[in-house]
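Novice: I'd like to ask you about the structure that follows.
The values are calculated or read from the model by the stated rules, or taken from the named source; none is laboratory data. This one's a predicted model, so the numbers in the text were calculated from it and none came from an experiment. Here the Cβ is made from the backbone with ideal geometry for all residues, glycine too, and neighbour counts use every protein chain on show.
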């Protein structure tokens, strides 16, 4: 049986694929991850996560057109599948449900202590 849950890193990578759209290739995803999270990431971690998300059925990929700036090499462009969108919605709904149950946020009386 395929794993249908997302780890935190997988969730962020899948969201970035959606955000980047036609520019969702590994190097750009890694750049965007670092820009958004202010954390370093290896291109190998991004590649293995993209492969895992593909194996789970959450992503598809196809080769884009060759570009002169890459010496004629083509980029593998990733796209979220309907299953990927569904799993993101489930993850979002679950987290929002938890946040809504957290008393400090649900009452509007947030306290950070002393």
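Novice: Kindly check whether there is at least one residue in the range 59-82 that is part of a helix (DSSP H, G or I), under 23 Å from residue 5 (Cα atoms) and at pLDDT 95 or above.
Specialist: Checked the range 59-82: at least one residue is part of a helix (DSSP H, G or I), under 23 Å from residue 5 (Cα atoms) and at pLDDT 95 or above.
Novice: Taking the condition of being assigned to a helix (DSSP H, G or I) and without any contact (Cβ under 8 Å) to a residue 12 or more places away in the chain, how many residues in the range 29-49 meet it?
Specialist: 5
Novice: Which members of the range 7-24 meet the condition of being crowded, with 19+ Cβ neighbours inside 10 Å and either modelled with pLDDT under 95 or in a loop (DSSP other than H, G, I, E, B) (or both)?
Specialist: If the condition is that a residue be crowded, with 19+ Cβ neighbours inside 10 Å and either modelled with pLDDT under 95 or in a loop (DSSP other than H, G, I, E, B) (or both), then 24 is the only one that fits.
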